[in-house]
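The next block holds one structure in the form of structure tokens; read it before the comments.
Derivation of every value follows stated rules applied to the coordinates shown; laboratory data play no part. All values derive from a computational prediction rather than experimental measurement. So basically every Cβ, Gly included, is an ideal-geometry build from the backbone, and we count neighbours across all protein chains shown.
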Amino acid sequence: MLTRALIVMLVALNLGVAAWWAWRPAPQADTTVEPTSGIARLRLLNERPGAPPSQPSQSRSAAASPVASTTTTAAPEQPTLEADVPKAERCYRFGPFADDAAVAAARRALQPKVARLREESAPAERGRGWRVILPPAADRDAANAVGERLKLAGFRDFFVVASGAEANAIMLGRFGSEERARLHAASLRDAGFAAQAEPLGEAKPPERWLLATVGEGLDSVALDSVALARGSRAARAQPVDCPAAR
């Protein structure tokens, strides 16, 4: 049954195609508009009689490449002159010096020998701390009486020196910073006691050095021959890193 239906459908399709072919419309005539008599038609440039055939754009670019390559030349590399290379500098340190006279004498001796010379100094070192003290009393009984007054005023951290150069003095505390020592002494003075804040030990004076920058042709052996002033504990030039340029 299905086969018969397919055969009928194929026959119908063939009849339809044959009918369309038999009754199709006639082809349209040429619709090209002829120009008016006496007016020439427009033509492309390469359609003119006797015009040379056009060259591909690749041939033109290829022809232009040799011209560009001949006009571009690499700049010759400039040779590096030995005089343009900075010489390595070396630095030496002399000192420490005891006083201004020693620094001045060493500067006079070194100045003609070096390229640059400058002075450096380290800050002074303070003592081992600070203390608060009441001056020595006339005798031990007077010192003990002052101690009783301190207790009544609320100050119990103290002791009386029994002997030595500061016998009968009253120690009122030891401090690591000057600020705390002076604050404690001020509170004692406000309470009516003649307290004093003093540094412990002797403060060291600041150390002073001379930093010499030397160039080519001068080494530590030559610098060692320079007569330095008395008061310098440095017998030889000490090599150090040169400071950065400012």
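Set the Förster radius R0 to 30 Å, insert the Cβ-Cβ distance between Asp157 and Ser121 as r into 1/(1 + (r/R0)^6), and round the FRET efficiency to 0.05.
Once the sixth-power term is evaluated, E becomes 0.20.
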When Lys151, Lys113 are ranked with the fewest other C-beta atoms within 10 Å first, the list becomes Lys151, Lys113
In nm, the gap between the two label points placed 7 Å beyond Cα toward Cβ at Asp99 and Glu207 is 2.1
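How much length is gained on full extension from Glu178 to Glu166, taking 0.36 nm per residue of separation minus their Cα-Cα distance?
On the way: separation 12, 0.36 × 12 = 4.32 nm, distance 2.14 nm.
That works out to 2.2 nm of additional length.
Output the relative contact order of region 129-200, whole-number percent, from Cα pairs under 8 angstrom with separation of 6+ residues.
Here the relative contact order equals 48 percent.
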Counting Lys and Arg as +1 and Asp and Glu as -1 over every other residue whose Cβ sits under 14 Å from the Cβ of Val160, the net charge comes to -1
Gyration tensor on Cα atoms of region 129-200, a ≥ b ≥ c root eigenvalues, a/c under 1.5 rounded, else prolate if a/b beats b/c, else oblate, says oblate
